[in-house]
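Notes follow once the structure below has been shown.
The values are calculated or read from the model by the stated rules, or taken from the named source; none is laboratory data. Please read all numbers here as calculations on a predicted model, not as lab measurements. Using ideal geometry, Cβ is built from the backbone for each residue, glycine included, and neighbour counts are taken over all protein chains shown.
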Amino acid sequence: MNYKMIRFLLSRVLQITGLLMLLPLIVALIYKEYFCAEMFIILIAGCILVGSIGAYFKPHNIAIYAREGFVTTALTWILISMVGALPFVMTGVTESYVDAMFETISGLTTTGSTILSDVSMYYSVQFWRTFTHWIGGMGVLVFILAIMPMSGGYSMHLMRAESPGPSVGKIVPRVRDTAKILYLIYIGITITEIVLLLFTGMNLYESLTTTFATVGTGGFGISNAGINEFSTASQIIITIFMILCGINFSVYYYLITMRPKEALQNDEVKLYLLLMFSSATLIAFMIYDQGITNTPFESFHHSLFTVASVMTTTGFATLDFNTWPQLCKTLLATLMLLGACAGSTGGGFKLSRLWILLKAMKNELIYIVHPKSVKKVYMDSHPIDSTVVKSVSAYLSMYVVIFMFSILLISIDEFDYETNFTAVAATLNNIGPGLGMVGPTGNFGAYSDLSKFVLMFDMLAGRLELLPMLILFSPRTWSRR
């Protein structure tokens, strides 16, 4: 294990965290929140000072292999969560550091689950709360790779450990250039939504914080009224950008570079859009028939918003879907588990994994009937390597074990099964709200500290695709043999 390189990278992360806190500091000064400004100045100075000391001596051996990559990724997210929780405690938003950690991890992992029943707080702290969505949406280490060169091809291990999907590749030959392209697309989408929301009547603060929560597919609101505080036009724009941010960002690269054929060949995006619009149409019919909405347009607007929010794991809500017909809630719970596309800011199991599993099941059935047949799994008109198919099957096994074990642990709090099941589903898939007590109008504050730690682990594991967190806590990782 290259401990010196891990120390160096974590020190860089601490420095970057300090620099990112400059934005809420500016907000504190604009709104004359001088107490918050002093707090952020102390945190910024501390992060940069400690980070600079740790990064002063760069290791001679900069090798980052798979083990170091996974460990560094997991420790990075834990470190930034621990530091990012301090503004909530220092300003009294939460009395418990555990609650502050829960809120910060929920923000960074773009989950959007909250322990708060009242989200009224200082403007600067609220800004930091939503900004954590934007930081975690594309990934902390991807940002560092975009600005900090690493030689020897070792950076690919960091990118693979943090990026979502069954297989992670480079858009262009150099990993640093790939990270830059991803962030430029991310920033472009962010700026576009901010401008469009300004035209719908939002002020700059509202458009910034709402955009952070949308493009990061996080879902933290800035008022107790949530998205309902804004106009229908604003909600339509938010719906569009939730859908856009659930698509693999490589598709946008192909479109920008005038390669539409490669973009249109993406089977996962086709499945994503088909599931989303067919589900939204079905739910629209049901809620209109039940009299929950008054017009067909209103029905489709709310159903598409909800389906987009659930599939992209954003967590916004215009209506309390906890009161919808049982079939609607079951369909939404299923979409929660499936999630968005690989390579997007959305969470969930990922539709590419579902596609691969379905194709592998079909081939297995054919093999049973025709043992001599040789079938490959194809995606985007290209054969999938057998190691990827194997890793998807292993991922499913780990996912199910973590899911069931988490439900078992939080059941100690004696809440009903619907609440516990959807609480784990909402956190492990980085969705936000679940059903029952943790529905769109509820929160996770009633859970004990033990259950909150379990759910925090689930949020981190879900955002990092399970492996970094499992490898971090595996005794074999730290063995010298």
Scanning the range 1-59 residue by residue, the ones that are over 30 Å from residue 479 (Cα atoms) and among the aliphatic types (A, V, I, L, M) total 21
What number goes with the only condition from (1) in contact with a Pro (Cβ under 6 Å, 6 or more places away or on another chain); (2) at pLDDT below 90 that residue 223 does not pass? (1)
If we keep just the residues of the range 375-398 that are touching a residue at least 60 places away in the same chain (Cβ under 8 Å) and assigned to a helix (DSSP H, G or I), which is nearest to residue 465 (Cα to Cα)? 395
What are the pairs with Cβ atoms under 8 angstrom where one residue, in the range 362-374, is hydroxyl-bearing (Ser, Thr, Tyr) and the other, located anywhere, is in a helix (DSSP H, G or I)? Sequence gap at least six, or different chains. 373/366; 373/367
Give me the pairs: first residue in the range 304-328 and in contact (Cβ under 8 Å) with a residue 24 or more places away in the chain, second residue outside any helix (DSSP H, G or I) and β-branched (Val, Ile, Thr), beta-carbon distance under 6 Å, and six or more apart or on different chains, which are they? 305/318; 312/217; 313/217; 313/431; 314/217; 315/431; 320/441
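Within the range 235-255, count every residue that is free of Cβ contacts under 8 Å to residues at least 60 places away in the same chain and over 22 Å from residue 132 (Cα atoms). Can you show your working first?
Just the residues of the range 235-255 that are free of Cβ contacts under 8 Å to residues at least 60 places away in the same chain, to begin with: 237, 240-241, 244, 251, 254-255.
Next, from what is left, pick out any that are over 22 Å from residue 132 (Cα atoms): 251, 254-255.
Residues flagged as free of Cβ contacts under 8 Å to residues at least 60 places away in the same chain and over 22 Å from residue 132 (Cα atoms) within the range 235-255 amount to 3.
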Are there any pairs with C-beta distances below 6 angstrom linking a residue in the range 91-103 that is over 17 Å from residue 450 (Cβ atoms) to a residue that is part of a loop (DSSP other than H, G, I, E, B), with the two at least 6 apart or on different chains, and if so which? 91/122; 93/121
Here's a check for you: in the range 424-468, which residue that is in contact (Cβ under 8 Å) with a residue 40 or more places away in the chain and β-branched (Val, Ile, Thr) is farthest from residue 219 (Cα to Cα)? 454
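Filtering the range 89-121 down to residues that are part of a helix (DSSP H, G or I) and among the hydroxyl-bearing types (Ser, Thr, Tyr), which residue is nearest to residue 315 (Cα to Cα)? Walk me through how you get there before you give the answer.
Step one: list which residues in the range 89-121 are part of a helix (DSSP H, G or I), which gives 89-90, 97-108.
Next cut, among the hydroxyl-bearing types (Ser, Thr, Tyr) only: 97, 104, 106.
Values: 97: 24, 104: 16, 106: 11 Å.
Among those that are part of a helix (DSSP H, G or I) and among the hydroxyl-bearing types (Ser, Thr, Tyr), it is 106.
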Restricting the range 51-100 to residues that are surrounded by fewer than 19 Cβ atoms within 10 Å (Cβ to Cβ) and of a type in the set (D, E, K, R), the residue that is farthest from residue 132 (Cα to Cα): 58
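For the condition among the polar types (S, T, N, Q) and closer than 22 Å to residue 246 by Cα, what is the one hit in 397, 393, 386, 352? Give the steps one after another, and end with the answer.
Numbers: 397 fails: closer than 22 Å to residue 246 by Cα; 393 fails: closer than 22 Å to residue 246 by Cα; 386 fails: closer than 22 Å to residue 246 by Cα.
Unique residue meeting the criteria: 352.
Residue-wise test of (1) modelled with pLDDT under 85; (2) in contact with a Pro (Cβ under 7 Å, 6 or more places away or on another chain).
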{"site": "394", "(1), (2)": "no, no"}
{"site": "401", "(1), (2)": "no, no"}
{"site": "421", "(1), (2)": "no, no"}
{"site": "432", "(1), (2)": "yes, no"}
{"site": "445", "(1), (2)": "no, no"}
{"site": "456", "(1), (2)": "no, no"}
{"site": "465", "(1), (2)": "yes, yes"}
{"site": "469", "(1), (2)": "no, no"}
{"site": "480", "(1), (2)": "yes, no"}
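I'd like to check something: does the range 445-453 contain any residue that is at negative phi, assigned to a helix (DSSP H, G or I) and of a type in the set (S, T, N, Q)? Even if it seems obvious, please write down each step before you answer.
So in the range 445-453, the residues at negative phi come out as 445-453.
Adding the requirement that they be assigned to a helix (DSSP H, G or I) leaves 449-453.
Cutting the leftovers down to of a type in the set (S, T, N, Q) gives us 451.
Yes, the range 445-453 contains a residue that is at negative phi, assigned to a helix (DSSP H, G or I) and of a type in the set (S, T, N, Q).
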Of all residues being charged (D, E, K, R) and in contact (Cβ under 8 Å) with a residue 40 or more places away in the chain in the range 1-47, which is surrounded by the fewest Cβ atoms within 10 Å (Cβ to Cβ)? Just the residue, please. 4
Tell me, which residue of the range 258-294 that is among the polar types (S, T, N, Q) and at pLDDT 90 or above is farthest from residue 379 (Cα to Cα)? 281
Counting residues that are polar (S, T, N, Q), which helices (runs of 4 or more DSSP H) fully inside the range 17-88 reach at least 3? 66-84
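How many of the residues in the range 292-350 are charged (D, E, K, R) and closer than 24 Å to residue 267 by Cβ?
The total comes to 1.
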State which residue pairs qualify: first residue closer than 23 Å to residue 473 by Cα and inside the range 399-416, second residue of a type in the set (Asp, Glu) and at pLDDT below 95 in any location, beta carbons under 9 Å apart, and separation of 6 or more residues or different chains. 402/458; 403/458; 406/458
Report yes if residue 297 is more than 30 Å from residue 357 (Cβ to Cβ), at pLDDT 90 or above and surrounded by fewer than 16 Cβ atoms within 10 Å (Cβ to Cβ), otherwise no. yes
Does the range 250-273 contain at least one residue that is under 24 Å from the mean Cα position of the chain (by Cα), more than 20 Å from residue 352 (Cα to Cα) and among the small types (Gly, Ala, Ser)? no
